[in-house]
Amino acid sequence: MLKERPAFAFPGLPILLLDLLVVLGALALTIQGGLQNDSGRFFYTVPVLVLGLFVLTGLFVVNPNDAAALQLFGAYRGTVRSAGMAWANPFLTKRKISTKVRSFESQRLKVNDLDGNPVEIAAIVVWRVVDTAEALFEVEDCEKYVTVQSEAALRALASHFPYDAHEEGQRSLRGSMDEVAAKLKQELQRVLSQAGVEVQDARISHLAYAPEIAQAMLQRQQASAIIAARQKIVEGAVGMVEMALELLEQKGTVRLDEERKAAMVSNLLVVLCSERAANPVVNAGTLYH
């Protein structure tokens, strides 16, 4: 497996100026020889002129956050990362590659979660090339490789978590976004490291049930919310009834037997747990009639 190594390159500007002087001088001598019908000059000025023009082809420019990988007849000779104009052997092939931070958002993928429910999921991946040799020579197309592997990792990740947690402490796609994102980043880094790519961030950008089950799952979530709310209401009502009975007994306001206590508890629970407001009823008789 190829690893990036630095390549030696001369500063481009001094080479350019020196070569231009040589080319212009050879061109002037060639023109002068033609005017004076001195054919002997052509034997040394023309080769110098051609050589000077050939040397110019060794100049290349590296932009900031870019790199140039050098190859000699197919063999990797190193990478130039210094921004600016540089010169290297004209026979070397210069392959430019960007080392800027890049990001892309995957398509909305339809996958089955851990419970087998179809969900739609998408992610945003932020990445950059850190090893130009691996990015150029270990994979066919670095950007395409990142895209395909990211979508594959996202599919695999979604199948290992349920959409919603059904037990306390259970990790889920919706309830454990940070943990899911960290696991996605870890898996992507493991796969993309062989392409010389560093994953800087990976986040879930879209998460929803598939349209065909969205309505059913919404009803399920509503039912779960109603049950949880009812539990809280019942717990609160029982506490209020216990408090009322204790206060009545402590202050001796009314002495109730067990049957009357049961009736009172029943009436209070009905009033406190009912969805509608209670309608008052005035008792015109005694406590027991």
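The values are calculated or read from the model by the stated rules, or taken from the named source; none is laboratory data. None of these values were measured; they are calculated from a predicted model. With ideal geometry, Cβ positions are generated from the backbone for all residues, glycine too; neighbour counts draw on all protein chains shown. Ligands, DNA and RNA are stripped out before the accessible areas are found, and what is left, the full protein with its side chains, is counted by its heavy atoms. Shrake-Rupley method; radii C 1.70, N 1.55, O 1.52, S 1.80 Å.
Evaluating residue 78 against the criteria (1) at pLDDT below 90; (2) open to solvent by less than 30 Å² (accessible area, probe 1.4 Å) leaves one unmet condition, (1). Within the set 200, 194, the sole residue that is touching a helix residue (DSSP H, G or I) at 6+ places or on another chain (Cβ under 9 Å), outside any helix (DSSP H, G or I), of a type outside the set (A, V, I, L, M, F, W, C) and in contact (Cβ under 8 Å) with a residue 12 or more places away in the chain turns out to be 200.
So that you can scan it fast, the table gives a plain yes or no per residue for (1) at pLDDT 90 or above; (2) exposed (fewer than 15 other Cβ atoms within 10 Å of the Cβ):
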{"site": "144", "(1), (2)": "yes, yes"}
{"site": "152", "(1), (2)": "yes, yes"}
{"site": "159", "(1), (2)": "no, yes"}
{"site": "163", "(1), (2)": "no, no"}
{"site": "173", "(1), (2)": "no, no"}
{"site": "176", "(1), (2)": "no, no"}
{"site": "180", "(1), (2)": "no, no"}
{"site": "188", "(1), (2)": "yes, no"}
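So which residues in region 122-160 are in contact (Cβ under 8 Å) with a residue 60 or more places away in the chain and among the aromatic types (Phe, Trp, Tyr), if there are any at all? First the steps, then the outcome.
If we filter region 122-160 for residues that are in contact (Cβ under 8 Å) with a residue 60 or more places away in the chain, which is where we start, we get 122-138.
Residues satisfying the conditions are 127, 137.
Just the residues that are farther than 18 Å from residue 10 by Cβ, open to solvent by less than 30 Å² (accessible area, probe 1.4 Å) and in a strand (DSSP E or B), please, taken from region 81-99. Residue satisfying the conditions is 97 alone. Figure legend. Inter-residue proximity from region 76-88: first residues under 17 Å from residue 137 (Cβ atoms), second residues open to solvent by less than 40 Å² (accessible area, probe 1.4 Å) and part of a loop (DSSP other than H, G, I, E, B), beta-carbon distance below 7 Å, spacing 6+ or different chains. Indicated pairs: 77/7; 78/7; 79/7; 80/7; 80/9.
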